[in-house]
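One structure is given here, and the rest of the page talks about it.
The values are calculated or read from the model by the stated rules, or taken from the named source; none is laboratory data. Owing to the predicted nature of the structure, the values given are computational and were not obtained by experimental measurement. Glycine gets a Cβ as well: all are built from the backbone with ideal geometry, and neighbour counts include every protein chain shown. For accessibility, only protein heavy atoms count, side chains too; no ligands or nucleic acids. Shrake-Rupley method; radii C 1.70, N 1.55, O 1.52, S 1.80 Å.
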Amino acid sequence: MLIRATVENFLSFNDRAEVLLTPGRTRNLPEHIIPAASRRDVGILKSAVIYGANASGKSNFTKALLFLKRLVTSRRSSSFLHYEKFKLDRQALERPSRMEVEFHYRGHNYAYGFVFDRRRIYEEWLYRFDKQRDWKLFERKTEEDQVEVAFEHLEVSAKNLDRLRFIGADTLPHELFLTASNHRNIKDIKGVFHLLNAYNWFDEALTVIFPDSKFMGLEINIDSDQAMRQVYQWFLSAFETGISGLETFSVDFFSNEVKLPDEIKERIAQNLEVGERAMISSIDNITYSLIRKENGDIDAVKLMTKHKIKGSDEYATFEVNEESDGTQRIMDFIPAIVELAREDKVFVIDEINRSLHPNLTAKLFELFFQRSKGVRSQLICTTHESELLDQQLLRKDEIWFVRKNADGESALYSLEEFSQRKDVDIRTGYLKGRYEAIPSFSFSTEAPWGAN
């Protein structure tokens with residue numbers, strides 16, 4: 001679970017900005033808190049919703065988390081870190097950027113962060129902490145092109161400590177040590193649990209979804225997984241999509257029917273292990289489920305929807321891309337909701353309201369809170385959908401705003417900063433501009449296209 005995320009000098013964030021997911025003074029909806037396991041631990045909120053006008057910077061916060069995840073989990077093929085600093089301050093262009101996240105994973109709290117620019121990771125650190133103290137696990141410094149990593153509180157032998165120091169010295173200036181160590185097979189080193197655990201949070205628990213992206217993380221095969229088929233059908237019925245059921249049809253993955261470039265098909269085929277499943281989406285937005293069989297062949301099936309034909313007992317089948325944008329968006333979210341109800345996952349969704357009716361968006365949150373009780377999972381999103389501003393649905397400390405000042409700088413702040421009773425209509429206050437996170441228009445009286 002995410003506890004805190006901070007970003008500085010990245011896109012529209014010049015000064016340090018943060019989102020905090022520990023409980024504030026709010027007392028309503030206590031079930032939205034995963035309580036502390038002990039007096040030394042911290043309670044964590046199940047959700048955060050970030051509001052802001054268009055171009056205020058709310059999507060830039062999501063982009064920062066995606067950049068962080070990718071930098072940690074991907075091997076660097078380039079010596080150049082692709083990102084933009086805050087461009088509207090000459091001093092910002094000269095100073096490095098900074099990111100840090102605090103998170104809970106598999107019984108431990110971690111603080112991980114780094115200072116960087118396009119060419120180097122200057123500093124990097126990983127701590128374990130509770131309310132009373134913290135333990136430094138490693139700290140990295142880069143001088144010119146020399147990387148040095150110092151270790152503490154790792155229960156490793158002298159020989160294995162030397163091995164870790166060697167990996168540290170061999171880490172490239174533009175490469176994270178957390179990445180380098182996990183990609184160089186340290187699983188056999190006794191005492192490095194925390195290095196593995198922290199990396200796995202980024203790799204396995206954190207998922208970032210944008211409006212134009214498809215969530216393919218849950219590797220399923222509707223054709224054989226009857227339980228998942230029933231889950232899909234329940235969701236599609238509950239959201240009144242008009243879909244009566246789902247069907248799958250076998251296809252030849254390498255045929256022209258599957259509209260993907262041949263080189264991509266070959267790459268997928270090379271990477272798919274025997275027994276492994278994968279979900280892919282073609283250029284024409286059709287979803288296919290793949291599995292490598294024991295004989296090496298690839299079975300491919302495509303998912304289709306069924307609609308009852310008026311006045312008969314028969315059904316017509318539709319490609320998924322023939323469904324409305326809203327229905328397709330719901331289908332994208334179903335695997336996410338299922339995972340959030342089962343596992344310790346963190347989903348960050350940019351513009352969750354895209355293509356969805358406001359009531360459906362609220363219903364997704366209700367389902368999440370109902371189905372994930374007691375599960376260390378989180379749903380974090382950005383939106384400008386005011387219907388979610390309901391203190392019967394969200395706590396004050398789960399509601400955040402982002403605004404951009406006259407200098408183009410984005411700032412994040414919580415509804416907790418405002419004195420507000422729990423019976424107050426915060427949606428009306430938001431729309432009236434009380435929280436300063438709605439667009440402000442200034443049209444001149446003389447428009448350039450006025451009638452002559």
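Out of Lys306, Lys302, I need the residue that is over 30 Å from the mean Cα position of the chain (by Cα) and either open to solvent by 40 Å² or more (accessible area, probe 1.4 Å) or farther than 30 Å from Ile380 by Cβ (or both). Which one?
That would be Lys306, the only listed residue that is over 30 Å from the mean Cα position of the chain (by Cα) and either open to solvent by 40 Å² or more (accessible area, probe 1.4 Å) or farther than 30 Å from Ile380 by Cβ (or both).
What pairs can you find where one residue is in the stretch 145-166 and of a type in the set (Ser, Thr, Tyr), the other is modelled with pLDDT under 95 and outside any helix (DSSP H, G or I), and their Cβ atoms are less than 8 Å apart, with a gap of 6+ or different chains?
As it stands, the answer is Ser157/Lys190; Ser157/Gly191, since those pairs meet every condition given.
Say we look at the stretch 348-377 and pick out the residues that are open to solvent by less than 20 Å² (accessible area, probe 1.4 Å) and under 11 Å from Lys46 (Cα atoms); which of these is nearest to the chain's Cα centre (by Cα)?
Per the stated criteria, the residue is Ser377.
Has the stretch 70-81 got any residue that is among the aromatic types (Phe, Trp, Tyr), in contact with a strand residue (DSSP E or B) (Cβ under 9 Å, 6 or more places away or on another chain) and either in contact (Cβ under 8 Å) with a residue 40 or more places away in the chain or surrounded by 19 or more Cβ atoms within 10 Å (Cβ to Cβ) (or both)?
No, the stretch 70-81 has no match at all.
Can you spot a residue in the stretch 13-32 that is hydrophobic (A, V, I, L, M, F, W, C), part of a strand (DSSP E or B) and crowded, with 22+ Cβ neighbours inside 10 Å?
Yes, the stretch 13-32 has at least one match.
If a residue has to be open to solvent by 50 Å² or more (accessible area, probe 1.4 Å) and either over 21 Å from Leu65 (Cβ atoms) or free of Cβ contacts under 8 Å to residues at least 60 places away in the same chain (or both) to count, how many in the stretch 105-127 make the cut?
7
Mind telling me which of the residues Ala180, Ala150, Ala92 ends up being over 24 Å from Arg16 (Cβ atoms), at pLDDT 95 or above and among the small types (Gly, Ala, Ser)?
Result of the check over Ala180, Ala150, Ala92: Ala150.
For the stretch 319-342, what are the residues that are in contact with a Ser or Thr (Cβ under 6 Å, 6 or more places away or on another chain) and either under 16 Å from Ile209 (Cβ atoms) or surrounded by fewer than 16 Cβ atoms within 10 Å (Cβ to Cβ) (or both)?
Passing the criteria: Asp325, Gly326, Arg329, Leu340.
From the list Asp423, Asp397, Asp407, exactly one residue is more than 22 Å from the chain's Cα centre (by Cα) and either at pLDDT 80 or above or hydrophobic (A, V, I, L, M, F, W, C) (or both). Which is it?
None of the other options fit; the residue is Asp407.
All but one of (1) open to solvent by less than 20 Å² (accessible area, probe 1.4 Å); (2) closer than 19 Å to Phe202 by Cβ; (3) within 16 Å of the chain's Cα centre (by Cα) hold for Lys46; which doesn't?
With respect to (1) open to solvent by less than 20 Å² (accessible area, probe 1.4 Å); (2) closer than 19 Å to Phe202 by Cβ; (3) within 16 Å of the chain's Cα centre (by Cα), Lys46 is out only on (2).
Against the definition (buried (at least 17 other Cβ atoms within 10 Å of the Cβ) and touching a Ser or Thr at 6+ places or on another chain (Cβ under 7 Å)), how does Arg140 come out, yes or no?
No, not satisfied.
Tally time: how many residues in the stretch 185-204 are touching a residue at least 12 places away in the same chain (Cβ under 8 Å) and part of a loop (DSSP other than H, G, I, E, B)?
Residues meeting the conditions: 5.
What do you reckon, is Glu247 of a type in the set (D, E, K, R) and touching a residue at least 60 places away in the same chain (Cβ under 8 Å)?
Taking the combined requirement at face value, the residue satisfies it.
Can Tyr110 be described as in contact with a helix residue (DSSP H, G or I) (Cβ under 8 Å, 6 or more places away or on another chain) and not β-branched (Val, Ile, Thr)?
Against the criterion (in contact with a helix residue (DSSP H, G or I) (Cβ under 8 Å, 6 or more places away or on another chain) and not β-branched (Val, Ile, Thr)), Tyr110 qualifies.
Going by what's in this entry, would Lys345 be described as open to solvent by 10 Å² or more (accessible area, probe 1.4 Å), under 17 Å from Thr207 (Cα atoms) and either charged (D, E, K, R) or at pLDDT 95 or above (or both)?
Answer is yes for this residue.
In the stretch 183-195, which residues are closer than 17 Å to Lys136 by Cβ and either open to solvent by 10 Å² or more (accessible area, probe 1.4 Å) or under 24 Å from the mean Cα position of the chain (by Cα) (or both)?
Result: Gly191, Phe193, His194, Leu195.
Conditions tested, residue by residue: (1) among the small types (Gly, Ala, Ser); (2) part of a loop (DSSP other than H, G, I, E, B).
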position: Val258; (1), (2): no, yes
position: Gln270; (1), (2): no, no
position: Ser289; (1), (2): yes, no
position: Ala300; (1), (2): yes, no
position: Leu303; (1), (2): no, no
position: Gly311; (1), (2): yes, yes
position: Phe318; (1), (2): no, no
position: Asn321; (1), (2): no, no
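Mind telling me which of the residues Asn321, Asn295 ends up being closer than 23 Å to Met228 by Cβ and not aliphatic (A, V, I, L, M)?
The match here is Asn321.
Which residues, counting only those in the stretch 378-404, are open to solvent by less than 10 Å² (accessible area, probe 1.4 Å) and in a strand (DSSP E or B)?
Gln378, Leu379, Ile380, Cys381, Thr382, Thr383, Ile399, Phe401, Val402
Report, by residue number, each residue of the stretch 1-12 that is on the phi > 0 side of the Ramachandran plot and open to solvent by 10 Å² or more (accessible area, probe 1.4 Å).
The answer is Leu11, and nothing else.
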